[in-house]
Amino acid sequence: MIFNISEKIQSEIVHHYDSDSGDMIRSTGNSFSIITNNQEINFLIPGQIKFLMNFRIIRRFLRYDKANAVFNWKRDGVVVLYQWKIYFFDLQTKQLNFIDNLKQCRNVLHGGLAVTSHGIYFGEYGHNQKRDPVPIWKSRDDGRNFKIIKELTEQKIKHIHGIYPDKFSESLWVVTGDFDGECFVIEVSDQDFLQLKWHGDGSQKWRPVSLFFMPEKVIWVMDSPIQKAYLQIFDRKDGSITEGQYFPGPVWYSKQFESGDAILQTSVEIGEEVKSKDSIIFYSNNLVDWEEVYRFKKDFLPMPFFKFGVIAFADGKQSKDDFVLFGEALSFLDGVAIKASIK
């Protein structure tokens, strides 16, 4: 298969892209741009030192480029997580409203917020050296306010990699990490996190960042730099997992297209089982058999101070003929995004 780059986008992150409408959310540092209904709206997160925000190398080192931004369910606002704070940008009033302070992290992993008709959910992704209970936040009013509705105390974990809605069971799935004894896949069957079913034994097999949902299976690839990363196929009926294809590095991010096919990437980080100095993009039309389609080489700046080599994918309705990805700490893909296709 051939990977084609059709356009370079001068933004550090493209949080959302819709192939049909052209709707997009993108950001560079504390500067955000929203394109919706053929209009572009721009705003800044206040309180940042302007001089430090002017240089990509400084933003990268200080993590001033890291952010999350998602449309709410009604598409009349955008939820933003940036520098330890939660915001809501109202698309009708064009006002940015501060909501609350995060407790353990500056922001969460890309794609880790679940936007549903019942609420918007995310769990915190921080260092959490003392292994304090990890907060899960929920908005009951489509992003305008957030409250902590659950703290994970059933098991000692470091942090939450993401919360994902499952269209087949109408449940939410929470994935945790990082070390042995801390990795679980949690199925949540109610809206207020009162009924949690913990899957796994805490080992690296149960350490994903992102998930693929099928009617009878849930699929992920291990996000592990310390053990070989394999595809894992979870059986919904009996809770067993089957090991699949090997990947030469931990897998953080993936993207399933509207037609069911998907892409994922391997990250370049520190660990004995990171076998490639490239972040590699793989494609699959069945979520089980994956083919390499492209790779970006890790740049020369040292890890972890100047970040690991990672590719992430924009949320939104896309296809393999038109999708958006962005990267950091990679040659030719650091702090920029691209539109691409796979033929």
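The values are calculated or read from the model by the stated rules, or taken from the named source; none is laboratory data. What you see is a predicted model, and the numbers here were worked out from it, not measured in a lab. Heads up, the Cβs are rebuilt from the backbone with ideal geometry, glycines too, and the neighbour counts pull from every protein chain shown. Calculation scope for accessible area: heavy atoms of the full protein, side chains included, ligands and nucleic acids excluded. Shrake-Rupley method; radii C 1.70, N 1.55, O 1.52, S 1.80 Å.
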Exercise. About its Cα centre, what dipole magnitude does the stretch 6-61 give when the only charges are +1 on Lys and Arg Cβ and -1 on Asp and Glu Cβ, stated in debye to the nearest 20?
Worked result: 500 debye
For this session: Mind jotting down the distance between the C-alpha centroids of the stretch 278-322 and the stretch 162-201, whole Å?
Result: 25 Å
Exercise. Share of the chain's accessible area from carbon and sulfur, percent, 1.4 Å?
Worked result: 50 percent
Exercise. In the chain, if every C-alpha pair distance is counted and binned at 10 Å from zero, what percent goes to each bin?
Worked result: 6, 26, 37, 26, 5, 0
Exercise. Within a Cβ distance under 14 Å of PHE313, other residues only, what is the Lys/Arg minus Asp/Glu net charge?
Worked result: -1
Problem set entry | Inter-site label distance for LYS197 and SER21 at 7 Å from Cα along Cβ, in nm | 3.4 nm
Problem set entry | Dipole magnitude of the stretch 243-343 about its Cα centre (Cβ charges: Lys, Arg +1; Asp, Glu -1), debye to nearest 20 | 300 debye
Exercise. By a straight-distance test (C-alpha under 26 Å), which lysines pair with LYS298 as possible cross-link partners, with residues fewer than eight away in the same chain excluded?
Worked result: LYS8, LYS66, LYS205, LYS228, LYS255, LYS275, LYS277, LYS307, LYS320, LYS339, LYS343
Exercise. Accessible area per residue, 1.4 Å probe, Å², for the chain: what's the number?
Worked result: 43 Å²
Exercise. Length gain on complete extension for the stretch PHE306 to ILE2, per 0.36 nm per residue less the alpha carbon to alpha carbon distance?
Worked result: 106.4 nm
For this session: Normalising by the residue count of the chain, find the relative contact order in percent from Cα pairs under 8 Å and 6+ residues apart.
Result: 15 percent
Exercise. How large is the dipole of the chain about the Cα centre if only Lys and Arg carry +1 and Asp and Glu carry -1, each at its Cβ, rounded to the nearest 20 debye?
Worked result: 1040 debye
Exercise. Any idea how far the Cα center of the stretch 50-78 sits from the one of the stretch 2-41, in Å?
Worked result: 13 Å
Exercise. Taking the Cβ-Cβ separation of LYS103 and ASP190 as r and a Förster radius of 25 Å, what is the calculated FRET efficiency to the nearest 0.05?
Worked result: 0.60
Problem set entry | Net length gained if the chain between PHE61 and SER33 were fully extended (0.36 nm per residue, minus Cα distance) | 7.8 nm
Problem set entry | Count of lysine pairs in the stretch 98-194 with Cα separation under 12 Å (8 or more residues apart, or interchain) | 5
Problem set entry | LYS130/GLU154 FRET efficiency (R0 25 Å; Cβ-Cβ; nearest 0.05) | 0.90
For this session: Obtain the nm distance between the two label points defined at SER331 and LYS228 by a simple spin-label model: each point lies 7 Å from its Cα along the Cα-to-C-beta direction.
Result: 2.9 nm
Exercise. Nearest 0.05, what FRET efficiency do GLU291 and ASP90 give at R0 = 45 Å with Cβ-Cβ as r?
Worked result: 0.55
For this session: Decide, for the stretch 136-179, between rounded, prolate and oblate: order the square roots of the alpha carbon gyration tensor eigenvalues as a ≥ b ≥ c, take rounded if a/c falls under 1.5, and otherwise choose prolate if a/b is larger than b/c, else oblate.
Result: oblate
For this session: Just report the Cα centroid separation between the stretch 120-151 and the stretch 219-241, whole Å.
Result: 25 Å
For this session: Please report the relative contact order for the stretch 245-315, taking Cα pairs under 8 Å with a sequence separation of at least 6, and give it as a percent rounded to a whole number.
Result: 32 percent
For this session: May I ask you to compute the full-extension gain from LEU52 to ASP141, defined as 0.36 nm times their residue separation minus their alpha-carbon distance, rounded to one decimal in nm?
Result: 28.5 nm
Exercise. Which residue, chosen from ASN145, VAL188, PHE306, occupies the Cα position most advanced towards the positive end of the dipole of the chain, where the dipole is computed from +1 (Lys, Arg) and -1 (Asp, Glu) charges on Cβ about the Cα centre?
Worked result: PHE306
